[in-house]
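A short write-up of the structure that comes next.
Coordinate-derived values only; no laboratory data. Because the structure is a prediction, the values reported are computed rather than measured. Every residue, glycine among them, receives a Cβ derived from its backbone with ideal geometry; neighbour counts consider all protein chains shown.
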Amino acid sequence: MKKIIATTFIFIFFYGCESFVENADSSVSYATDDEISSSENISFLVNGVLNDFSRAYGYVTLWADLLSDAMVNDGRVQGSTDVRGEYLDNGLYDPTVGTYAPPYQAVAQSWRSARSLQTKLDDMDIEASLKTEGYFTAYLYQGLSHYILGTYYGRGPSYPSDGGATLNESAFIQSGDLNSSALLYLDSAASYADDHQTRIIHSLMARIYLYGKDYTNASQHAALGLQDGDAPFYARPGLENPWPNWYWYEAGNNRTRYTLASRFKHLLGEDFVDTNGNGVWDSTETFTDCAAVGADVGQGDGVYNAASESEEEARIKVAAAPMSPDTPYMRYYQTKYPDSDSPITVISWQENHLMLAELALEGQSVSVSAIDAVNAVRAAHGISNLSDINLSTLLHERDKELFCQGQRIIDQNRHSDVLNWHLGESTWRFLPIPLEEQLANPNYP
C-alpha cells in the first residue's frame, strides 16, 4: 500500500532565463566558444541539446512516477537498497540533500544547452536548413524545460497557492508564468517546424492548456495536434547520447531499484502453475501472490486474483522482480523500456486523442466523441472497444496508455476527487492519509 505524504518537486538550483533575448553564458560542457561558433558545429550543438533533454526528461518522469502511485520502492526487492527511493516513495523530497538535486540540475542543463544554441545562431550567418533545424531545436527545448519546471516542481514564497521555480538566480517564478513562457517558446519553434513537428507542438501546447484547465485553448490546439498514425515525439537516449534510459537504469532490466504498483499486474492476473492444463486457476494449484499492500514492507492479499483486463498485456509490459529469499509475495517491474537506449515518449497521437476525449467530457466541441477517441487508442493495441466512457474510466485509460511516462502524478493532482486522493489547498502537495482510508480505496496499489 502506497502512502503518499508530501510534495512533488522543489527547486533550489541556480540556472535559467530572464527574457527570451538576453545573452546566455557560453556552455563549458562540450567545447570552447571558438570551437563551436561556426556553422560546421551546429549539428554538434543540436545533438548536445537532445542529449541533455533526454537525461532531464527521463530523470524527472521516473522520480515523478515514484512520487505518484505508479511505482514503489520495496526493500524486499533485490537491488532496492535506496533510502532516497524510500523517501520519494513516501512522497518526501528534500532539496537540501545533494543526492536529490540531479533531476533539477539536468533540467537546468537542458535549458542552458538550448539557450546556448540560440545565442550562437543569433551571431551566425548560416544556410537556411541549418538555421531552421537549429532554431527549432533551441526554441522547442527551452520551452520543454520551462514546461517541466512549471508542471512538476512546487513550493515557493506563494506556496501552497502555486508551484514554481527560480531560474538563473532569479526571483521565484510561479508555475503559471513558467508555463506561459513555455507556450511562447513553443510558438517560436513552430515558425521553424515541418508539418509533423507543427502537430507535435500543438499537442504539447494542448497538454499545457489542459493541465491549466484552459479547455478552450486546449481544444483548439488538440484539434491541430498529432493524428492517428503519426509518429510519437521521443526523448531519445542512446545514439551519441552518453545517458541511458532512466527507467531501464533504475526501474527495469538494468536494476530493479523501483518496481510497479500492484494494480498493473492485477490487470494481467497473478501467475499460477496450471497443473491440470485447463487454462484457469484451480484452488489446488499454486499461485504467485502479488503485493497489494505496503511501500517498502509489502504483502499480498493471500488470494488468487484473476486477470481483470487480460488484453492490457498489449501495452502493460512487466516482468517479475528478483525478491529476497522467503518473501511471500512478488513485485513486478516495467519492461516497456527493455534497453538502455529505449526512447521515452514525450507526446503521442494516442495522448492527443485522450486529451480530446477529456475535453469532450468537459463539454468542449471537438472533432471526435470521447468514446470514439478512447476506442481508437485501444484499437491501436488490438484491445476491444469500450461501450461507454466517463471521467473515471478515462483516467483509468490514461493510467494504462501513459504507463511509465511520468503523467500519473499530474492526473492525481488534477483529479484528486475522482481518484480519491486527499490533497491540501494546493494541487502540489499530498497530505497524510489515514491507513484505514488507504485500505478502503481500491485505486491504491
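In this label model, A171 and D214 are separated by 2.2 nm, measuring between points 7 Å along each Cα→Cβ vector. When the scattering of the range 164-246 is computed by the Debye formula from its Cα atoms alone, each counted once and equally, what is log10 I(q)/I(0) at q = 0.13, 0.17, 0.18, 0.26 Å⁻¹? Scattering profile of the range 164-246, log10 relative to I(0): -0.55, -0.85, -0.92, -1.14. Amide H contacts for G154 (H built 1.01 Å from N in the peptide plane; partners 5 or more residues away or on another chain; cut-off under 5 Å): F9, I10, F11, G164. Under the rule a/c < 1.5 gives rounded, and otherwise a/b versus b/c splits prolate from oblate, where does the range 195-243 land using the Cα gyration tensor? It is oblate, given that a/c is not under 1.5 and a/b is not larger than b/c.
Distance distribution P(r), the range 276-382, all Cα-Cα pairs, bin width 5 angstrom from 0: 2, 9, 13, 15, 14, 13, 13, 11, 6, 3, 1, 0 percent.
For the range 357-369, the Karplus equation 6.51 cos²θ - 1.76 cosθ + 1.60, evaluated at θ = phi - 60°, returns couplings of 4, 5, 5, 4, 5, 7, x, 7, 8, 10, 7, 9, 6 Hz by residue, with Gly and Pro reported as x.
If the segment from E309 to V280 were pulled out straight at 0.36 nm per residue, it would be longer than the present Cα-Cα gap by 9.0 nm.
How high is the FRET efficiency between K131 and H396 when r is their beta carbon distance and R₀ equals 60 Å, given to the nearest 0.05?
So, using R0 = 60 Å, E works out to roughly 0.85.
Phi-derived couplings, Karplus 6.51 cos²θ - 1.76 cosθ + 1.60 at θ = phi - 60°, listed residue by residue for the range 214-231: 8, 6, 5, 5, 4, 5, 4, 6, 4, 4, 9, x, 4, 10, 3, x, 5, 5 Hz, with x used for Gly and Pro. Residues within the reach of a label modelled at Q227 (point 7 angstrom out along Cα to beta-carbon, backbone nitrogen below 15 Å), restricted to the range 362-404, are 367-368. Under 5 Å between amide hydrogens, built in the peptide plane, is the criterion, and for V293 it picks out Q299 among residues at least 5 positions away or on other chains.
Basic side chains Lys and Arg get +1 at the Cβ, acidic Asp and Glu get -1 at the Cβ, and with that the dipole of the range 295-378 about its Cα centre reaches some 100 debye. In order along the range 179-190, the phi-based Karplus estimate (6.51 cos²θ - 1.76 cosθ + 1.60, θ = phi - 60°) of 3J(HN,Hα) comes to 6, 5, 5, 4, 5, 5, 4, 5, 5, 5, 4, 4 Hz; Gly and Pro are listed as x. Computed extension length for D122-S416: 101.4 nm, one decimal, from 0.36 nm per residue of separation with the Cα-Cα distance subtracted. Let me see the pair-distance distribution of the range 101-203: every alpha carbon pair, 10 Å bin width, integer percents in order. Computed distribution, short to long bins: 16, 43, 29, 11, 1. In this structure, the amide hydrogen of V346, modeled 1.01 Å from its nitrogen in the peptide plane, lies closer than 5 angstrom to those of F233, Y234, A235, counting only residues at least 5 positions away or on a different chain. Each part reduced to its alpha carbon centroid, the range 324-369 and the range 235-311 end up 16 Å apart.
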